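The values are calculated or read from the model by the stated rules, or taken from the named source; none is laboratory data. Everything numeric in this text was worked out from a predicted model, so none of it was measured. Glycine gets a Cβ as well: all are built from the backbone with ideal geometry, and neighbour counts include every protein chain shown.
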Amino acid sequence: MAILTKEEAKKIIDKVLAFSKADEISASLSGNRTGNIRYARNSVSTSGETYDLSLSVTAVYGKKSGTATINEFDDASLEKTVRRAEEIAKLAPDNPEYVPMLGAQQYVNTNAFAQSTAGIDPEYRAKAAFGSIEPCSKKNLTAAGYMEDRSGFTALGNNKGLFAYNKSTSVDFSVTVRTADGTGSGFVQRDYNDASKLNTNTATEIAMQKALASVNAKALEPGKYTVILEPTAAHDLILNMMRNMDGRSADEGRSFLGKKGGQTRLGEKLLDERVTIYSDPANPEVPGSPFANDGRPQEKVTWFEKGVVKNMYFSRFWAEKKGVKAIPSPDGIVFQGGSESLADLIKSTEKGILVTRFWYIRTVDPQTLLYTGLTRDGTFYIENGQIKYPVKNFRFNESPVIMLNNVEAIGKPVRTNGSLIPPLKIRDFTFTSLSDAV
Amino acid sequence: MAGLGTGAFMLPGFATGRPVSPEAFLMPGDDVAMKKRLADAALNAAKSKGASYADVRIGRYLNQYVTTREDKVENIVNTESYGVGVRVIANGCWGFAAVVDAKNEAQLAKAAEEAVAIAKANAKLMKEPVQLAPQKGFGEVSWKAPIKKNAFEVPIKEKVDLLLSVNDAAMKNGANYVNSILFQVNEQKYFASTDGSYIDQDIHRIWPLFNVTAIDPQTGKFETRRSLSAPMGMGYDYLQSNPADKLTGVTTRYNKGYDMLEDATAASQQAKEKLTAKSVEAGKYDLILDPSHLWLTIHESVGHPLELDRVLGYEANFAGTSFATLDKWQSKNFQYGSKQVNLIADKTQVGSLGAVGWDDEGVNTKQWDLVKDGILVNYQAIRDQAHIIGAKESHGCCYADSWSSVQFQRMPNVSLAAGKTPLSVEEMIKDVKKGIYIIGDGSFSIDQQRYNFQFGGQLYYEIKDGKIAGMLKDVAYQSNTQEFWNSCVQVCDERDYRLGGSFFDGKGQPMQSSAVSHGSSTARFNGVNVINTARKI
């Protein structure tokens, strides 16, 4: 029931729109089924499944808007919800930044729905957890993991002619494997739209290997090192940069993309010329939603091309004020890479540090995008193209902008948290202290 | 993890529930007799299906937040969420089911049956049966936060006018931009269990905050200064400060009443001053940490590592584990900090975010020592963990962020006890040769076992030969938890004691949010490593 077809969703939305007497009216209908299983100490701790189907109605008079929601769908309930939204709108203060609703839009086709994921049941989840716990138990390792699957749809419509519908599925899996004495720890994460691509057993093998290989870590002096960031580690710093590409903040001079005198870095070469980052909802490996929450189409957008800042994202209000295209913020990104694998990058490294993952990343300086955080769950010293020994975790203080100017090599992108991210080899990455944490 | 980042405001999934008009907040929820009928239906159904224990939480959660920038209201969000969660033990295993907008006994009985079915299914994968610490029933009882003025009864216009006047004061005093927010929460919770408790509670929380930005047009550099307010377990009365709530000094700091207008005025001037402040020279300094800053260091380096579920490995895949392992506690001589360091867990302190009469599994709340005279003496444990540390009862720190979430161990208020010897901040600073005085919380990061951390602040003042020598910028300190707390040489007396706290502390998968306070007086830490965070891009 939670996933309505396009036709079923449109029927409900049209009914809602017909009930309204407001200047503008929009309806957003969404349904989700979310399941999860969590385990720790090689035993399942919690698992559950929730269903949700809800309708949100926004009515607008002039620059006043009001929203009401409901999860019952008979005619009387729908009409009541429309009236409630209208009442709230009439009482609301004017929003000086209100922009009228969009009319009909063209959307790209994306394919983010997989029946294999929509069909996941409690037995599947238990098996997935078992497939991860079992090999760990056998080798006296301890697994703590989490898998969450989601299938759902979103439909938008308004009285200006806009209608949008998308259905999607996703499955996210991660596991931390620790040695029984707590001196080794490894991690792996996987995410897909299509659950048939997920094998928790083979994924867990990687975390197990890292746990075993990270025992008896040696302490290296903090300082500047060549690092190879696995995609999971690279992802976290790069996505933090992408989240700061709001054009208004840049125009206002309070972003890493701002400059003195109200100028921005748009059009400037800010990163190494090998860095090209774009987003594309139709990418078959990381399909996104064809539309943003307000109905704006998501299209292919290049954010950095050969290191040059090509686009920023905007609210519709600010874009109109500045006379620029109101590009919405992207769902996920594609960091264009080469053909080298992680193993190839290691092989070509004389001296360096392999980083599995970062942890507790926080902004230190929003102007330079300086972040701090730590390595975790598998940090290794590389010499003459080989992993030599595990090293103790480091705290870093580094900016993705500086890091992406110190690029040595870019590997082949792999799907990581909804984006395509390559492993990166970076020189002079700044580690500022050691951590005893395993 | 404390959930709200520095710099720009990042709103977490705060306002869950359906949007409502503000007047809906003033409607009473279901009466107690009705809630007892619903709860009994669930408890009886659970027992009849074979549960050895069951509890029911009927929750009505009200949230309101008002956001503004400069002279504009950005958003006013009012939400209400109502439903029931039923938790059972059957065949020695936990099971949970929840139902939205539950209106009748049949829905509750069905949820209880589902919870029992889930428990029985999960029991097949279980390694050890759940052991619950005994808990007596309290009969029909209630608890209300002792607030003076219910924030939900204050007209929206008054709140909007306050925030816009705060923004106006900021802009007139040199800010280029200002954002301000008022968060308000009311949890109306009813708990019943097969132990014979029927507990009705009314909890209020409030957090006014702002962030001002000052830009130097010559260089394009910008600096921010965030409010020195604390989220509190109070009503709108927190915003009605009186002189007794203010501590004057290099900047005014606040206790149980907050003067937002005054703080915004100071913040704008200080953000401008930061633009030309001296960049810190990296090295070792004696740190004087104000309670508006120290709360977050306590939260991350004491509150989280002493959560027993982390210590045992239940959070290994997300928040992490803990350096404070059971053997260190068992040794009875693990020197967590210096002799000056007494860290206390508490669920009763008036005005704190953690205060309730009973926790979310019907345990009456209390206060207990975590670190006494520097030695690790205890953890935070709930009913199904108490036996692991040889305790006969739970500490009463179980919490769920919604009727639809499963309750689990959450951090109580964890506070540094005030010094016993009379000592003011001025007297403390007088003895410092080379130091930095830090006020307000800033950037924060700590490893997954809670050894290595780095913290920034809002305001940094250089101390030279016992005197404040001027403002610094680009400051962050790095240390190791045990080293840091052992470098604590002095804590000011109770005259300086204040609360800070987190409104959005995250834990668990799926993640749940909780609110927690941390009190302290200003404290001195000797020889801490300070780094310079200035970079060029």
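Worth a mention:
- A single entry from A:352, A:267, A:323 fulfils the requirement of being buried (at least 19 other Cβ atoms within 10 Å of the Cβ) and small (Gly, Ala, Ser): A:352.
- Filter pass, residue B:155 being of a type outside the set (A, V, I, L, M), within 13 Å of chain A (Cβ to nearest Cβ) and under 28 Å from residue B:232 (Cβ atoms): yes
- Some residue of segment A:159-177 being surrounded by 15 or more Cβ atoms within 10 Å (Cβ to Cβ), within 13 Å of chain B (Cβ to nearest Cβ) and in a helix (DSSP H, G or I): no
- Just one of (1) assigned to a loop (DSSP other than H, G, I, E, B); (2) modelled with pLDDT of 95 or more fails for residue B:405. It is (2).
- Of B:374, B:390, B:351, all but one fail to be at positive phi and without any contact (Cβ under 8 Å) to a residue 12 or more places away in the chain; the exception is B:390.
- Among all positions in segment A:194-203, there is no residue which is outside any loop (DSSP other than H, G, I, E, B), within 25 Å of the chain's Cα centre (by Cα) and within 11 Å of chain B (Cβ to nearest Cβ).
- Residues (under 20 Å from residue B:509 (Cα atoms) and not in a loop (DSSP other than H, G, I, E, B)) located in segment B:371-402: B:380, B:398, B:399
- Just one of the numbered conditions (1) surrounded by 20 or more Cβ atoms within 10 Å (Cβ to Cβ); (2) modelled with pLDDT of 95 or more is not true of residue B:19: (2).
- Residues located in segment A:390-416, provided they are in a strand (DSSP E or B) and farther than 25 Å from residue B:453 by Cα: A:407, A:408, A:409, A:410, A:414, A:415, A:416
- Any hit, segment B:123-132, residues being over 30 Å from residue A:252 (Cβ atoms), more than 28 Å from the chain's Cα centre (by Cα) and of a type in the set (Asp, Glu): yes
- Within segment A:1-110, strands (runs of 3 or more DSSP E) holding 2 or more residues that are free of Cβ contacts under 8 Å to residues at least 40 places away in the same chain and not assigned by TED's automatic domain parsing to the domain that holds residue A:292: A:43-61, A:64-70
- Considering segment B:306-315, the residues that are touching a Ser or Thr at 6+ places or on another chain (Cβ under 9 Å), within 16 Å of residue B:506 (Cβ to Cβ) and not in a strand (DSSP E or B) include one that is nearest to the other protein chains (Cβ to nearest Cβ), namely B:314.
- For segment B:193-214, the criterion of being part of a loop (DSSP other than H, G, I, E, B) and farther than 30 Å from residue B:50 by Cα is met by none of the residues.
- Pairs are defined by a Cβ separation below 8 Å, a sequence spacing of at least 6 or placement on different chains, a first member in segment B:213-226 that is within 8 Å of chain A (Cβ to nearest Cβ), and a second member that is among the small types (Gly, Ala, Ser) and part of a strand (DSSP E or B); the pairs so defined are B:220/A:258; B:222/A:258; B:222/B:214; B:224/B:214.
- Members of segment A:228-255 that are more than 12 Å from residue A:312 (Cα to Cα) and either part of a loop (DSSP other than H, G, I, E, B) or small (Gly, Ala, Ser) (or both): A:230, A:233, A:234, A:252, A:253, A:254
- Count of residues meeting criterion [within 14 Å of another protein chain (Cβ to nearest Cβ) and hydroxyl-bearing (Ser, Thr, Tyr)] in segment B:385-406: 3
- Single residue of segment B:98-110 satisfying the filter (small (Gly, Ala, Ser) and surrounded by fewer than 24 Cβ atoms within 10 Å (Cβ to Cβ)) that is modelled with the lowest pLDDT: B:98
- Scanning segment A:256-290 for residues that are modelled with pLDDT of 95 or more and not in a loop (DSSP other than H, G, I, E, B), we see that the one that is nearest to the other protein chains (Cβ to nearest Cβ) is A:258.
- Residue that is farthest from the other protein chains (Cβ to nearest Cβ) [pool: residues in segment A:355-371 that are in a strand (DSSP E or B) and touching a residue at least 40 places away in the same chain (Cβ under 8 Å)]: A:355
- Test: residue in segment A:302-323 that is farther than 30 Å from residue A:100 by Cα, part of a loop (DSSP other than H, G, I, E, B), within 14 Å of chain B (Cβ to nearest Cβ) and touching a helix residue (DSSP H, G or I) at 6+ places or on another chain (Cβ under 7 Å): no
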